[in-house]
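Inspection log for the structure reproduced underneath, given as structure tokens.
FYI, it's all coordinate maths here, none of it is from the lab. From a predicted model like this one, the values you see are computed outputs, not experimental measurements. Ideal geometry is used to build each Cβ from the backbone, glycine not excepted, and the neighbour counts take in all protein chains shown.
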Amino acid sequence: MRQFRYTAAAAVVALAIGSSGSAFANAELIGMQNNPNDWVMQNGNYANTRFSELDQINAGNVKDLKVAWTFSTGVLRGHEGGPLVIGDVMYVHAPFPNTVFALDLKDNGRIIWKYEPKQDPSVIPVMCCDTVNRGVAYGDDKIFLYQADATLVALDAKTGTKVWSVSNGDPNKGATGTSAPVVVKDKVLVGISGGEFGVRGHLTAYNIKDGSMAWRGYSMGPDADTLIDPQKTTHLGKPVGKDSGTSTWEGDQWKIGGGTTWGWYSYDPELNLVYYGSGNPSTWNPVQRPGDNRWSMTIFARDADTGMAKWVYQMTPHDEWDYDGINEMILVDKEIGGKSRKVLVHFDRNGFGYTVDRVTGELLVAEKYDPAVNWATHVDMATGRPQVVPQYSTHHNGEDVNSTGICPAALGSKDQQPASYSPKTGLFYVPTNHVCMDYEPFRVSYTAGQPYVGATLSMYPAPGGDHLGNFIAWDADKGEIVWSNPEKFSVWSGALATAGGVVFYGTLEGYLKAVDAKTGKELYKFKTPSGIIGNVNTYMHNGKQYVAVLSGLGGWAGIGMAAGLTDPTAGLGAVGAYASLSNYTNLGGQLTVFELPN
Amino acid sequence: MKPTCLRNPLLAALLLGPALVSNGYAVTESTGDYRIFTFSAEEPYFYKDGKVDFGTYNGFRRYHSECHVCHGPAGLGSSYAPALMKSMETMTFAQFVDVVVRGRQQRANFVMPGFAENMNVLPYLHDMFAYLKARADGAIPGATRPAKFPKVDIK
């Protein structure tokens, strides 16, 4: 199996291209992401592998891990994302009100600066699934914060003073910010949240020097809006044709069509392409929006300089279940079917694990990564379309009909919690949900800034089991689960794999767990003060490796489960396992940093 | 007959309908036929054999697409907005309409927007009120999807 070393080659390419000051930030970041001492972007590197070369903490000694220090964010609610580490400084963020702290690693986490934006609290009710924020980005000596009110702020990394800010959307119309920006070359890329408010999604690039807009590509609309070329942009190898972003919609529904872009963004410096997915079409009532609803639920490959789409692949045409396609795209070079390929691996909310040729957009593998998945039998590899089972089609069953027993639930076999890839084992480590649902669509009307949902859902554990989650190892070539550890609750924390042969993740009860990368055997666990929906990272400071994670229950999982997830068929199952999460943990934002004893 | 519960013990004692214990509450069943039930501020929902009228069920649906983000599933509350079970015990329909239409701001980070322009809320205020009253009375236990009588078309 090939290890990926394309990043080093790409750094040279980027330097060669760099004619303006613009490319310096890019070259700087390409170098920094390869320095395992730092954790310079939310998912570790542009490829979103969440893998670290550090091996001081390894499968042999991880059992001795202990808490080095802790830090309270002072905020309740869901803490997604994680801290960045650059040299001697750690940058920690919080959910609304989106406080950012710069902590001095040389001085036991002393606060160097703190930034707290002034935001209108009326943004809170227009955030669909808790007031989460998935973290800050670094580039060009700036820290980029994407606030709940959709304002993107550039802070001086040394002082925390505001350099510039720009509004990326109108919260009065339901547009909010939850995602982590990514710095690519001389631009910073941000998406938009608000699919439950009829917001039309877009990915937008701002120039890092002054915050001016460089390009914006919408998920749907005319070609001029979507930055799609009818001839050159392809879907599974074929040109998409004119105005593909409106032709599969009825009337003007595309204008409030959703397809928001609230997940993660990957970048391949060699191909100069940015990869991300779009979310659910709006409303959740499929009967009100006939057609394939392109390009919601789509993987996009866009040119980093111009935003032009090179290829697209729609995973779930005409969504009927809220299976947003926004989960991370993990970029690896691997042998697939005996041939070395540049691929993108993506674990979609819809329960299929996709392996796609990231150069051409060719679909290589699409297999279920949770055996419970039942809404489709399989993905037709020629058309790329999932073969939907009529019993679980909420459109087929119709408005005001409660379709039952659909797996996965709307929160997906996996939500935004990012997976990890270890080039040492060649395996992907995936935090998953093992939850099914009843889904009843009904008619809604659109009012700007008001919820535009149109369905009620009940969620409960998948049949035959007494657990709501699994942490799995996945073979992306074969499309097979290698091992699977059941978890009492959904695993809503981002994973970390290291060269030490250890994989880390957090649980909703609040445990940080370390497992053996080869076998999945649990090697260590520690219960932090609150449920973990943050992503684990690792860094080296003064020659010592640390592991860090944010606790703070909330997010979509926390909202529902903390208040008591109930199962209409609970009498048939193991009732004890459905016990409320609130019996296990409580709200509270805290960073916990782990180390080996001296 | 009007559905009641033990928060009005005198009235409950006078009623002869069978008392069901549901989630710790004793709920009194409605009498009569769901097909002739109509909403009123005093008698907002119909409850019999563990089932509620369609309007109350619609209130469950509408609540869970508009309100639960802040007020939690089934009115259980969250750190952004209070649980509704207690306040719904005493809140009148007129007070309910006033709060939902105009909104409310009490302390920092506790903002309820006005829903006057929301056509997924305004036409169904009575259904949402009925649902929350049924929750407060214990006729609908927890965050489950309530069992319902069929929709009755007004002739």
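General remarks:
- 3J(HN,Hα) from dihedral phi, the range A:62-72, Karplus parametrisation 6.51/-1.76/1.60, rounded to Hz, x for glycine, proline: 4, 4, 8, 4, 9, 6, 8, 6, 9, 8, 8
- For A:TRP483, nonlocal amide neighbours, meaning residues 5 or more places apart or on other chains whose placed amide H falls under 5 Å from its own, are A:ALA473.
- Fewest-first sequence of A:TYR584, A:TYR369 by Cβ atoms within 10 Å of each Cβ: A:TYR584, A:TYR369
- Residue-by-residue Karplus 3J(HN,Hα) for the range A:530-546, coefficients 6.51, -1.76, 1.60, Hz, glycine and proline x: 9, x, 9, 10, x, 10, 6, 9, 9, 7, 10, 9, 6, x, 10, 8, 10
- Over 27 Å between alpha carbons, listed pairs A:LYS106/A:LYS518; A:LYS209/A:LYS255; A:LYS158/A:LYS544; A:LYS414/A:LYS521; A:LYS238/A:LYS342: A:LYS106/A:LYS518; A:LYS209/A:LYS255
- With N counted as the residues of the range A:25-155, its alpha-carbon radius of gyration over 2.2 N^0.38 Å works out to 1.14.
- Amide H within-cut-off set for A:ARG341, under 5 Å, with H built and near neighbours excluded: A:LYS334, A:GLU335, A:ILE336
- Proxy reagent accessibility, fewest Cβ within 10 Å first, across A:TRP164, A:TRP249: A:TRP164, A:TRP249
- Cross-link reach is defined here as a Cα-Cα straight distance under 16 Å, omitting same-chain residues fewer than 8 places apart; for A:LYS424 the aspartates and glutamates meeting it are A:GLU53, A:ASP55, A:ASP333, A:GLU335, A:ASP475, A:ASP477, A:ASP516.
- Bridgeable lysines around B:LYS48 (alpha carbons under 30 Å apart, same-chain partners fewer than 8 residues away excluded): B:LYS2, B:LYS86, B:LYS133, B:LYS148, B:LYS151, B:LYS155.
- Residues with amide H under 5 Å from that of A:TRP311, placed H, sequence gap 5 or more: A:THR234, A:ALA301
- Surface/4 estimate of mean projected area, convex hull on alpha-carbon atoms of the range A:6-595, nm²: 23.2 nm²
- Positive-end residue, the range A:6-595 charge dipole about Cα centroid, Cβ charges, pick of A:ILE228, A:TYR505, A:THR306: A:TYR505
- Dipole magnitude of chain A, debye to nearest 20 (Cβ charges: Lys/Arg +1, Asp/Glu -1, about Cα centre): 900 debye
- Legend: helices of chain A (whole DSSP H runs) are marked when their alpha-carbon atoms reach 15 angstrom or more along the helix axis and their mean Kyte-Doolittle hydropathy is at least 1.6; marked are A:6-17.
- Compactness relative to 2.2 N^0.38 Å, alpha carbon Rg of the range A:297-344: 1.41
- The eigenvalues of the Cα gyration tensor, multiplied by 5 and square-rooted, give the range A:228-347 an equivalent ellipsoid with semi-axes of 26, 16, 13 Å from largest to smallest.
- The 3J(HN,Hα) values that the Karplus relation (6.51, -1.76, 1.60; θ = phi - 60°) gives for the range A:300-310 are, in residue order, 10, 10, 10, 5, 5, 7, 10, x, 4, 6, 7 Hz. Gly and Pro appear as x.
- Which of B:ARG145, A:ARG216, A:ARG358 has the fewest Cβ neighbours within 10 Å, and the rest in rising order: A:ARG216, B:ARG145, A:ARG358
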